[in-house]
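Beneath this line is the structure, given in structure tokens, with notes to follow.
The values are calculated or read from the model by the stated rules, or taken from the named source; none is laboratory data. What you see is a predicted model; the values in this text were computed from it and never measured. Cβ: placed from backbone, ideal geometry, glycine included. Neighbour counts: every protein chain shown. These accessible areas exclude ligands, DNA and RNA; they are computed on the full protein's heavy atoms, side chains included. Shrake-Rupley method; radii C 1.70, N 1.55, O 1.52, S 1.80 Å.
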Amino acid sequence: IKGNYEHFMQKEIHEQLEFLTTTARGRLIRGGTCKAKTVLLGGLKDHLKTIRRSRRIVFIGCGTSYNSALAARPILEEISGIPVTMEIASDLLIRQGPIYREDTAVFVSQSGETADTLHALEYALQNGALCVGITNTVGSAIARNTHCGVHIKADAEAWRAPTQIVVMAMLALAIGGDAISNQARRDALVDCLSDLPNKVREVLELDREMEDLAKLLIAKQSLPIEGMLAGEMKHRPLALVDDSLPVVAITIYDACFRGDAAAVSCGGVCRVIEVPQVEDCLQPVVNIVCLQPYHYAVLTIFPF
Ligand code: UD1
């Protein structure tokens, strides 16, 4: 099953290149007679008018799917001009949070069968929202019960976040339509989406650096992982940082950039892994690949 790779996980990580291509195949329109670059999501085309008229887009998911939507929110808001909010499916249900007829509710689930997300879908349907699915699984409950949606075309665990973010960036472009005001951004994004597999290949070539990083981290007694926005760091978490706490800082050359390059600091030792720069909203796809813990997993199982 693992082919020419040492482990199955390593194979999955390397296969991302292929599945980033598959997910975008036939959906990126570059050039042609009108020379406009755009995306075509066949599953959404009859519903785009309704989505563009909605008062709010609500993303609903659990775990990784929720985090992918969080990463894609800035580009959705920028291109669509529609407010985008986020809901963890179980929390929405417990609160019986407000969902309206004027909302577009987007359900993200790789399997298309995540129980909390499915219950939230029933709830949103009862409340009259337009329900859109983003799932990998043709014929799944979410694919069947949503009004429309997009199939991701990639299954394995390692590909979830990168391919979900790619689909959501394409969703933003589809909602944005052919507005002249977005044309330059749209061109840059379509070009970036088609070149993304090459950039991910460049990250995979940083294997030695990723292994060094894993060796640095494995020396720690434990490694609980808590992601947080940089702006939140100074509101309490900073008080927990001492010499022994590994801190992984991800910095992007975006409008908020003010410091040095991406850095990992651990017990006074600082490592920097510089990854290829892509369009800001797609940078998480590249960064995620760099942080996939293959070497860490190997060292955990086979300590050196
Ligand atoms: C579809 C075909 C693809 C074909 C292409 C040719 C399927 C599954 N896909 O892809 O094989 O190459 O046309 O133009 O036959 N949907 C939902 N909810 C979801 C996900 C999808 O309702 O969560 C619906 C969509 O609205 C659409 C259908 O399922 O009606 C297929 O979606 P998708 O595979 O994304 O559409 P295409 O990319 O056009």
What number results when the radius of gyration of the range 69-133, computed over Cα atoms, is divided by 2.2 N^0.38 Å? 1.10
Which one, L121, L189, L291, has the greatest fluctuation when you compute a Gaussian network model over the chain with C-alpha springs under 10 angstrom? L291
Of the listed links K153/K220; K11/K37; K11/K45; K11/K153; K45/K199, those spanning more than 26 angstrom between alpha carbons are K153/K220; K11/K37; K11/K45; K45/K199
Taking trypsin sites (Lys or Arg not before Pro) as exposed when in a DSSP loop with at most 14 other Cβ atoms inside 10 Å, the chain has its longest clean stretch at 102-219
Which percent of the accessible area of the chain is formed by carbon and sulfur heavy atoms (probe 1.4 angstrom)? 54 percent
Can you tell me, using C-alpha contacts under 8 Å and at least 6 residues apart, the relative contact order of the range 85-229 as a whole percent? 15 percent
Of E122, E279, E232, which has the largest mean-square fluctuation in a 10 Å C-alpha GNM of the chain? E232
Choose one answer from A71, A179, A89: the residue with the largest mean-square fluctuation in a GNM of the chain with alpha-carbon springs under 10 Å. A179
Using only the Cα atoms of the chain, what do you get for the radius of gyration and for Dmax, in Å? 20.0, 60
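How much space per residue, in cubic angstrom, does the convex hull of the C-alpha atoms of the range 20-120 take up?
So the per-residue hull volume is 127 Å³.
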Suppose a student asked you for the relative contact order of the chain, using Cα pairs under 8 Å spaced at least 6 residues apart; what percent would you report? 20 percent
Pairing the Cα long axis of helix 183-204 with the longest principal axis of the chain, what angle in degrees results, from 0 to 90 and rounded to the nearest 10? 30 degrees
Test of understanding: what is the full-extension gain from D212 to H235, defined as 0.36 nm times their sequence separation minus their Cα-Cα distance? 5.2 nm
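Where only protein heavy atoms count, and the probe is 1.4 Å, what is the accessible area per residue for the chain in Å²?
52 Å²
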